[in-house]
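Report on one structure; see the data block that follows.
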Amino acid sequence: SEKKSKNFSSDDTSPIANLTDLTDGLIYISETDADIIPFDLGEASGPSAEILAKAAGIDPTLSIEKPDTYQFFQRLMTPRDGYSAERLRACQRYEALYKALNDEVRDLTVFKFGDIRVEIFIAGIDRNGHLIGVRTRAVET
């Protein structure tokens, strides 16, 4: 049920349609593997932890970390010795996702809610004034 984007637009040129294409089958790897799910939360003045937490039903008292966006993606985009062909393709796909997010949105921000079971959102404001991005989850011990 979480696979569908909120307010999904069928307009192929829309930023959310582009993110949907770029994230199809892409997995975020931590101590658990999780899908990367695009979202469009409608009009907003800027990315905020409050809006994201409310929309996702996340406990607003959880700790919130906002790591540097490039550093967050750098780990995902950088190939390492011994990576399988599949992992190398994933690095290229993360690079394409990072570029698309940078091209499509302003105020791009990473939000990490929680300490061990972490909800991750990468969000910004698109050309239509919508709060869009991708979300995933991680287990970090």
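The values are calculated or read from the model by the stated rules, or taken from the named source; none is laboratory data. This structure is a prediction, so every number in the text was calculated from the model and none was measured. Glycine also receives a Cβ, built like all others from the backbone with ideal geometry; neighbour counts cover every protein chain displayed. For accessibility, only protein heavy atoms count, side chains too; no ligands or nucleic acids. Shrake-Rupley method; radii C 1.70, N 1.55, O 1.52, S 1.80 Å.
Listed values, structure above:
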quantity	calculated
Rg/Rh ratio calculated on Cα atoms of region 58-122 (Kirkwood radius)	1.04
Cα radius of gyration and Dmax for the chain (Å)	14.5, 43
Pair residue 107, residue 48: separation of 7 Å Cα→Cβ label points (nm)	0.9 nm
Ellipsoid semi-axes in whole angstrom, largest first, where each is sqrt(5λ) of the Cα gyration tensor of region 25-100	27, 14, 13
Interchain or long-range residues, amide H under 5 Å from residue 26's placed H	36
Residue-wise HN-Hα coupling along region 106-112, computed from phi with Karplus coefficients 6.51, -1.76, 1.60 (Hz; x: Gly, Pro)	10, 6, 4, 9, 9, 10, 10
Rounded Å value of the spacing that divides the Cα centres of region 111-136 and region 25-51	4 Å
Ordering of 70-81, 101-112, 46-57 by burial proxy (mean other Cβ atoms within 10 Å per residue, highest first)	101-112, 46-57, 70-81
Surface share of carbon and sulfur [accessible, 1.4 angstrom probe, percent] for the chain	47 percent
Probe 1.4 Å, protein heavy atoms only - accessible area per residue of region 33-111 in square angstrom	60 Å²
Residue-wise HN-Hα coupling along region 122-134, computed from phi with Karplus coefficients 6.51, -1.76, 1.60 (Hz; x: Gly, Pro)	10, 9, x, 9, 8, 5, 8, x, 8, 7, 10, x, 10
